[in-house]
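*Asks:* Below are the structure tokens for one structure; questions will follow.
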Amino acid sequence: MTIQTRYTPLNAFLAYLQFEKRYSLHTITAYSNDLIQFFDFVETQFEGLSFDQITGTMVRSWLAGMKEEEMTGKTLNRKISSLKSFYKYQIQQGKITKSPMDTVISPKISKRLPAFVAENDMEQLFVNLSFAEGWKGYTEKMVIQLFYATGMRLSELIGCKENQLDLSKRIIKVLGKGNKERMLPISPELAIELKKYIAEKPKEALGNPSLFVTEKGKTLQPKAVYTFVKFYLSQVTTLQKKSPHVLRHSFATHLMNNGADLNAVKELLGHSSLAATQVYTHNTIEKLKEVFAKAHPKA
């Protein structure tokens, strides 16, 4: 599926993201929405202007309008990033020689520590919590187990196929951002559970390659997964955010707290740079402070 817009230069860029950069449809849609919003603004405010006549002042005017509407710095940065990528592509293609984004500065945003569920609360979730009856509850429990055991993203888990599992070697092949593959190890116990889950799939799932399916044999939908993860996490934690991504944060934080190597955690999470993984070291430091305060006589 190719996203088409009424802006011709934009269509070539979106095709580049899809076929050369191999970005996911979700990412391409985000780029498309940001860029269409900007070029709609330009068309409305500066009628008859061509793409190569757009200036940094016009971009800043668009950003200022959104800031007045109290759009978050994180969202503004994403829109700036979309425009920078678009104009970088235009320069590469020889359409323009200078980007209007050269004079646009991204707003600074404070880095928040990733929210995570405490280890004893995760233990309580699997040991003491009652999941729904039947196939629905079985699937929901297996999904949450796999999130926490591997640190998968929601899109990676939804897209996971049976043939990506090598249960004899206890490995799952994951297709991450930019269609990058990575191998995730799983425990012997989880391998047994997954083998059992696959064997007991409803007959309606015959022909569906997805690992996780509903009682009607359909592939799970992201919204449904988000809803039941939020429901079960609300039983064991008072965190404000209760999402599949919180389970990913919990996976990484618990690894770090138990002495895992930062580079190894980076590879498991599928991060392209170590900087993205280093945020979990802050939680590790907080854990060390807690241990110190409890154990040291002069703390």
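*Asks:* Quick check, is Ser273 of a type in the set (Gly, Ala, Ser) and closer than 21 Å to Glu156 by Cα?
*Replies:* Against the criterion (of a type in the set (Gly, Ala, Ser) and closer than 21 Å to Glu156 by Cα), Ser273 qualifies.
*Asks:* Let me ask something else about it. Quick test of your reading of the structure: Phe231 fulfils all but one of (1) under 23 Å from Glu123 (Cα atoms); (2) surrounded by 17 or more Cβ atoms within 10 Å (Cβ to Cβ); (3) at pLDDT 95 or above; (4) of a type in the set (A, V, I, L, M, F, W, C). Name the failing condition by number.
*Replies:* (2)
*Asks:* Right, another one. Please go through the range 175-204 and give me each residue that is under 15 Å from Gly137 (Cα atoms) and either assigned to a loop (DSSP other than H, G, I, E, B) or in contact with a His (Cβ under 8 Å, 6 or more places away or on another chain) (or both), ordered by number.
*Replies:* Glu200, Lys201, Pro202
*Asks:* Being in the same structural domain as Pro244 (by TED's automatic domain parsing) and modelled with pLDDT of 95 or more is true for just one of Lys169, Lys177. Which residue is that?
*Replies:* Lys169
*Asks:* So, in the range 249-299, how many residues would count as being of a type in the set (A, V, I, L, M) and not in a helix (DSSP H, G or I)?
*Replies:* 2
*Asks:* In addition: Which one of the conditions (1) over 24 Å from His26 (Cα atoms); (2) under 21 Å from the mean Cα position of the chain (by Cα) does Gly73 fail to meet, given that it meets all the rest?
*Replies:* Condition not satisfied by Gly73: (1).
*Asks:* Considering only residues that are of a type in the set (Lys, Arg) and surrounded by 12 or more Cβ atoms within 10 Å (Cβ to Cβ), which ones fall in the range 273-296?
*Replies:* Lys287
*Asks:* State yes or no: is Pro114 more than 30 Å from Tyr23 (Cβ to Cβ) and touching a residue at least 12 places away in the same chain (Cβ under 8 Å)?
*Replies:* So Pro114 does not fit the description; no.
*Asks:* Residues in the range 198-216: is at least one in contact with a Ser or Thr (Cβ under 8 Å, 6 or more places away or on another chain), within 24 Å of Tyr23 (Cα to Cα) and at pLDDT below 95?
*Replies:* There is no residue in the range 198-216 that is in contact with a Ser or Thr (Cβ under 8 Å, 6 or more places away or on another chain), within 24 Å of Tyr23 (Cα to Cα) and at pLDDT below 95.
*Asks:* Now for a separate question. Among the residues of the range 133-161, what is the count of those that are at pLDDT 95 or above and either of a type in the set (Ser, Thr, Tyr) or surrounded by fewer than 17 Cβ atoms within 10 Å (Cβ to Cβ) (or both)?
*Replies:* 8
*Asks:* Listed residues Ala30, Ala15; which is surrounded by 13 or more Cβ atoms within 10 Å (Cβ to Cβ), within 30 Å of Val174 (Cβ to Cβ) and without any contact (Cβ under 8 Å) to a residue 24 or more places away in the chain?
*Replies:* So the residue among Ala30, Ala15 that is surrounded by 13 or more Cβ atoms within 10 Å (Cβ to Cβ), within 30 Å of Val174 (Cβ to Cβ) and without any contact (Cβ under 8 Å) to a residue 24 or more places away in the chain is Ala15.
*Asks:* Name the residue that is surrounded by the fewest Cβ atoms within 10 Å (Cβ to Cβ), counting only residues in the range 162-175 that are touching a residue at least 12 places away in the same chain (Cβ under 8 Å) and within 28 Å of Leu25 (Cα to Cα).
*Replies:* Asn163
*Asks:* So, one more: Restricting attention to the range 86-125, which residues are over 30 Å from Asp52 (Cβ atoms) and surrounded by 14 or more Cβ atoms within 10 Å (Cβ to Cβ)?
*Replies:* Pro114, Ala115, Phe116, Val117, Ala118, Asp121, Met122, Gln124, Leu125 - these are the residues of the range 86-125 that are over 30 Å from Asp52 (Cβ atoms) and surrounded by 14 or more Cβ atoms within 10 Å (Cβ to Cβ).
*Asks:* Kindly indicate whether any position in the range 196-206 is touching a Leu at 6+ places or on another chain (Cβ under 6 Å) and of a type outside the set (S, T, N, Q).
*Replies:* Looking for residues that are touching a Leu at 6+ places or on another chain (Cβ under 6 Å) and of a type outside the set (S, T, N, Q), one finds none in the range 196-206, hence no.
*Asks:* Let me ask another. Does Leu157 qualify as being under 22 Å from Glu267 (Cα atoms) and in the same structural domain as Gln240 (by TED's automatic domain parsing)?
*Replies:* yes
*Asks:* For the condition in the same structural domain as Val127 (by TED's automatic domain parsing), at pLDDT below 95 and closer than 23 Å to Ala132 by Cα, what is the one hit in Leu239, Leu262, Leu247?
*Replies:* Leu239
*Asks:* Take the residues in the range 176-228 that are without any contact (Cβ under 8 Å) to a residue 12 or more places away in the chain and among the small types (Gly, Ala, Ser), then tell me which one is surrounded by the most Cβ atoms within 10 Å (Cβ to Cβ).
*Replies:* Per the stated criteria, the residue is Ala224.
The values are calculated or read from the model by the stated rules, or taken from the named source; none is laboratory data. These numbers were taken from a predicted model, which means no experiment stands behind them. Note that we place each Cβ from the backbone using ideal geometry, even for glycine, and neighbour counts take in every protein chain shown.
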